Amino acid sequence: MEINMFCHFGPNTFTGAEWGSGEENKAVFAPSALDCRQWVDIAKQAGMGGIILTAKHHDGFCLWPSKYSTHTVDDSNNVLRQFVDACREGNIKAGVYISPWDRNHPTYGTDDYNNVFVNTLHEVHTNYGPFFEQWFDGACGEGPNGKKQCYDWSRFMQTMHNLNPQAIIFSDIGPGCRWVGNEEGHCGDPCWSTLNTDGATPSDNKPDPSELETGHKGGAKWVPAEVDVSIRPGWFWHANEHPKNVDQLMEIYYNSVGRNGLLLLNVPPDTNGRIPAEDSAVLMAFHAERDRIFSHDMTQGAKVRALGRPGHKAANVLDTAYHSYWAALSKDPWISIELDSVTDFDIIVIQEYIPLGQRVTSVQLWTQAYDDLYPYTNIDNPLCTTVGYKRIIRCNDNPRHWSAKKIVLHFQGDAAPIINRIALYNSKAQ
Ligand code: FUL
């Protein structure tokens, strides 16, 4: 999906808080012109495939009238209902964030709260689902009685699995996808989609954030990284804060989607219940910039040579069909791509066919303009290490572009690489 929208919305939108105390007067939550269709329109026009709403944040306030809490919207102001209806109508995927940490619920900090939380999951997924993703925030602080909760994670996960086995479950350690270990908008480098989760649980017993950034090479579970980051300084809308600019969003894009992560970009609605015009404008400009750069692939019509398995020839790296790929014969194959003439480009995109795993451990680049092949990288300083679903490599050299008629990529993998796509772009072309 590459980019999804996150929507933090709740009492904090009105009080200026990031972590509500749970003691807010319910009446503070009063969006004056709630319009979830507007969120959907903006997300779609920004090239996003799904939206995840904070149906319950740490203040415990439920954006639907829940049977299991008194701290909720009224029937007449059912935001979750309007949200799922707008997503279905607009044909975009709906996901839901339900925080286990609850600073309002009287049972929080006791065993009974785990039952309340399981009932809440049932209620939301049965009455409002199906959702494509369940987002479990790992934060675990004190509740109203000063006690921390001991979350029954295995029960929460099992409940979700029973309620909707198709839903991607996000948590610090998956099982569907993992927290990337930071909230700044970048994956680690390398970034493995595999993780060892034996003995780990979300919240207090998760791997070190630096390990979540990189994943574990050869890890036993497939738990790709999801990069949650806000377009604004805070997760919730605050009157005195403003969105990032296009350059900052592009940097985040290169460091998340371009490093084998999914970007979950938070765009918080304001007190009207609408996404502000300045955020919408920057999202449109961000989309236009990606279109400008990535709509003209220089490899079209190129000659490709490499050894490949029958039926999975090297030229398959040039087409955009998802299930067409080049299956190399060895763990360190070469592929050469010859263009019609010497061409300037400054971005190389490589994609592995991840249904068959993440195999590549390093890529070397050779370029040829008029003379001999030139080894652009060396073994200690490869073009990149991991690839995964997508790797976007920018030329950092001086001058900041490559000029070549032919490029040769030398892959190394833990198994014979299976490459979906190789493309070349020029970000400076108009
Ligand atoms: C964190 C929360 O504490 C923040 O408020 C926010 O929801 C972020 C996405 O996750 O753990």
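I'd like the residue in the stretch 386-415 that is surrounded by 18 or more Cβ atoms within 10 Å (Cβ to Cβ) and outside any strand (DSSP E or B) and, out of all such residues, is modelled with the lowest pLDDT. Here the answer is C395.
Return yes or no: is H125 within 21 Å of S203 (Cα to Cα) and out of contact with any Asp or Glu (no Cβ under 6 Å at 6 or more places or on another chain)? Here the answer is no, as H125 does not meet what is asked.
Applying the condition of being within 16 Å of the ligand (Cβ to nearest atom) and among the polar types (S, T, N, Q) to the stretch 92-111 and asking which residue is nearest to T54 (Cα to Cα) yields S99.
Per this entry, G185 is counted among residues that are open to solvent by less than 10 Å² (accessible area, probe 1.4 Å), of a type outside the set (V, I, T) and within 17 Å of the chain's Cα centre (by Cα). Checked across the stretch 158-166, the condition of being open to solvent by less than 10 Å² (accessible area, probe 1.4 Å) and in contact with a Leu (Cβ under 9 Å, 6 or more places away or on another chain) holds for at least one residue. For G50, the criteria (1) within 20 Å of the chain's Cα centre (by Cα); (2) surrounded by fewer than 22 Cβ atoms within 10 Å (Cβ to Cβ); (3) away from the ligand (no atom under 16 Å from the Cβ); (4) not aliphatic (A, V, I, L, M) hold in every case but one, which is (3). Here T361 passes the criteria (1) touching an Asp or Glu at 6+ places or on another chain (Cβ under 9 Å); (2) under 24 Å from R292 (Cβ atoms); (3) modelled with pLDDT of 95 or more except the one numbered (2).
Within the stretch 244-263, one or more residues are open to solvent by 30 Å² or more (accessible area, probe 1.4 Å), more than 16 Å from the ligand (Cβ to nearest atom) and of a type in the set (A, V, I, L, M).
The single residue among E18, E2, E89, E24 that is of a type in the set (D, E), within 14 Å of the ligand (Cβ to nearest atom) and open to solvent by 10 Å² or more (accessible area, probe 1.4 Å) turns out to be E18. No other residue among L63, L53, L34 is modelled with pLDDT of 95 or more, touching a strand residue (DSSP E or B) at 6+ places or on another chain (Cβ under 9 Å), assigned by TED's automatic domain parsing to the domain that holds V118 and within 18 Å of H238 (Cα to Cα) apart from L53.
With respect to (1) touching a helix residue (DSSP H, G or I) at 6+ places or on another chain (Cβ under 7 Å); (2) part of a loop (DSSP other than H, G, I, E, B); (3) more than 16 Å from the ligand (Cβ to nearest atom), the lone exception for T159 is condition (2).
Considering only residues in the stretch 31-76 that are free of Cβ contacts under 8 Å to residues at least 24 places away in the same chain and assigned to a helix (DSSP H, G or I), the one that is nearest to P144 (Cα to Cα) turns out to be D75.
Residue-wise test of (1) polar (S, T, N, Q); (2) away from the ligand (no atom under 16 Å from the Cβ); (3) part of a helix (DSSP H, G or I); (4) touching a Pro at 6+ places or on another chain (Cβ under 6 Å).
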{"site": "L212", "(1), (2), (3), (4)": "no, no, yes, no"}
{"site": "G218", "(1), (2), (3), (4)": "no, yes, no, no"}
{"site": "V227", "(1), (2), (3), (4)": "no, no, no, no"}
{"site": "P233", "(1), (2), (3), (4)": "no, no, no, no"}
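The values are calculated or read from the model by the stated rules, or taken from the named source; none is laboratory data. Please read all numbers here as calculations on a predicted model, not as lab measurements. Reconstructed Cβ throughout: ideal geometry from the backbone, glycine too, with neighbour counts over all protein chains shown. Ligands, DNA and RNA are stripped out before the accessible areas are found, and what is left, the full protein with its side chains, is counted by its heavy atoms. Shrake-Rupley method; radii C 1.70, N 1.55, O 1.52, S 1.80 Å.
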